[in-house]
Amino acid sequence: MSQHSVVPVLSEEVREALARRGPVVALESTIISHGLPRPRNVEVGRELEALVRAAGAVPATVAVLDGVPRVGLDKEQLERIATGEGVRKLGARDLAPAVAAGATGATTVSGTAVLAARAGLRVFATGGLGGVHRDWLRAQDESADLGLLARTRITVVCAGVKSILDVPATLQRLETLGVTVLGYGTERFPGFYLSDSGLPVDWTVHRPEEVAEVMAAADALGGDPSALVVANPVPEAEQLDPELHDRVLSEALAACRERGVTGQGVTPFLLDHLVRATGGASLEANLAAVRGNVRLGAAIAAAWAAR
Ligand code: PSU
Ligand code: MN
């Protein structure tokens, strides 16, 4: 039997930063490969890494290349994820077959969280979490993100859960699964493209240091590892017009049903439909949300590293 090392391979920069206990921010790659239109996605991948660096932290984009799980990609590796043919979407359960088959794929929130936590990273920034889909009663489609976050020690900075989902049901599932949710500078749960989902959060923090305090308290309390969700709203000036959002979303959901899109295809289909139906406005709101999350992720990583 051959001995494959499935421990994620760290980029030089990430290894060095971890060794000196410096700030590192994990970034997922499915948003690049499956969540954003080409060719804009390549630029965004680079821009997000640059934002982390500008804030004094080291970016660690996570993906699997030719069967090798990687935490921290070089320029060519990031380009392959963005523009390569046949790049798979890898949730946590897809990692083992991807490694065994020597496949190349981008990691979702669940896949990224597994590899980042394994590498010793504590902070991870993304756009919006996956969750319970709106037609759950028919399809029982709930993102693997939720179950995975319930058992992984990592802080995830996001703009809430994608508004294409059943947001109240997803928040309920997070509660049931025991995942802590903090509103960042808000008492309302953010709505991904929208600043406010219409639902409250139980806990609010205002500074990166407060998030680091909660992380330290969670560690001190011990118990089973689980994620800390930091819900950071897109600025109101950059949100998608709520009326336009509601109208195009019902069209997108109907189109998804009519075409019989299922499984891993659902989220990319809906996001792409929204980009086209809003003339790119949903893309701008999505990017504004992700940028804010990446900046905040870097600030939290710095506050954590300073403890
Ligand atoms: N955030 C974005 N765009 C995305 C995603 C998040 O702004 O495309 C991705 C994440 O990788 C998340 C995935 O884990 O969508 C959820 O997919 P699914 O519903 O199939 O679990
Ligand atoms: Mn799904």
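Coordinate-derived values only; no laboratory data. The structure presented is a predicted model; accordingly, all values stated were derived computationally and were not measured. Reconstructed Cβ throughout: ideal geometry from the backbone, glycine too, with neighbour counts over all protein chains shown.
As an exercise: evaluate Ser282 against (1) more than 16 Å from ligand 1 (Cβ to nearest atom); (2) part of a helix (DSSP H, G or I); (3) more than 16 Å from the chain's Cα centre (by Cα) and give the number of the one condition it does not meet.
The one condition Ser282 does not meet is (1).
Residues Leu253, Leu296: which one is touching a residue at least 24 places away in the same chain (Cβ under 8 Å) and within 30 Å of Val123 (Cα to Cα)? Before the answer, list the steps.
Working: Leu253 fails: within 30 Å of Val123 (Cα to Cα).
When all the criteria are applied, what remains is Leu296.
Got a sec? Which strands (runs of 3 or more DSSP E) wholly within the range 81-146 have at least 1 residues that are charged (D, E, K, R)? Reasoning before the result, please.
Working: elements: 88-90, 105-107, 123-125.
The strands (runs of 3 or more DSSP E) meeting that bar are 88-90.
So, of the residues in the range 173-187 that are touching a residue at least 12 places away in the same chain (Cβ under 8 Å) and in a helix (DSSP H, G or I), which turns out to be nearest to Thr204 (Cα to Cα)? Break it down stepwise before answering.
Taking the range 173-187 and keeping what is touching a residue at least 12 places away in the same chain (Cβ under 8 Å), we get 173-174, 177-187.
Still in the running and in a helix (DSSP H, G or I): 173-174, 177.
Details: Arg173: 19, Leu174: 16, Leu177: 20 Å.
Restricting to residues being touching a residue at least 12 places away in the same chain (Cβ under 8 Å) and in a helix (DSSP H, G or I), the top hit is Leu174.
Going by the conditions given, is Asp141 among the acidic types (Asp, Glu), crowded, with 24+ Cβ neighbours inside 10 Å and within 12 Å of ligand 1 (Cβ to nearest atom)? Walk me through it before giving the result.
Details: among the acidic types (Asp, Glu): yes; crowded, with 24+ Cβ neighbours inside 10 Å: no; within 12 Å of ligand 1 (Cβ to nearest atom): yes.
So Asp141 does not fit the description; no.
Pick from Val266, Val248: which is more than 15 Å from ligand 1 (Cβ to nearest atom), in a helix (DSSP H, G or I) and crowded, with 16+ Cβ neighbours inside 10 Å? Before the answer, list the steps.
Details: Val266 fails: more than 15 Å from ligand 1 (Cβ to nearest atom).
None of the others qualify; the one that does is Val248.
Mind listing just one residue for me: the one in the range 81-102 that is buried (at least 20 other Cβ atoms within 10 Å of the Cβ) and farther than 12 Å from His34 by Cβ and, of those, farthest from the chain's Cα centre (by Cα)?
My answer is Ala98.
I need every pair where a residue in the range 212-231 that is in contact (Cβ under 8 Å) with a residue 24 or more places away in the chain has its Cβ under 8 Å from the Cβ of a residue that is surrounded by fewer than 11 Cβ atoms within 10 Å (Cβ to Cβ) and not small (Gly, Ala, Ser), sequence separation at least 6 or different chains.
Ala212/Arg307; Ala216/Arg307
Filter the range 109-137 down to residues that are among the basic types (Lys, Arg) and either within 13 Å of ligand 2 (Cβ to nearest atom) or closer than 21 Å to Leu287 by Cβ (or both), then give me how many there are.
Just the residues of the range 109-137 that are among the basic types (Lys, Arg), to begin with: 118, 122, 134.
Filter once more, so that each one left must be either within 13 Å of ligand 2 (Cβ to nearest atom) or closer than 21 Å to Leu287 by Cβ (or both): 134.
Within the range 109-137, residues that are among the basic types (Lys, Arg) and either within 13 Å of ligand 2 (Cβ to nearest atom) or closer than 21 Å to Leu287 by Cβ (or both) number 1.
Is there a residue being away from ligand 2 (no atom under 16 Å from the Cβ), aliphatic (A, V, I, L, M), in a helix (DSSP H, G or I) and touching a helix residue (DSSP H, G or I) at 6+ places or on another chain (Cβ under 7 Å) anywhere in the range 158-168? Show your work before the answer.
Restricting attention to the range 158-168, the residues satisfying the condition of being away from ligand 2 (no atom under 16 Å from the Cβ) are 158-160, 168.
Next cut, aliphatic (A, V, I, L, M) only: 159.
Restricting the remaining residues to those that are in a helix (DSSP H, G or I) gives none.
No.
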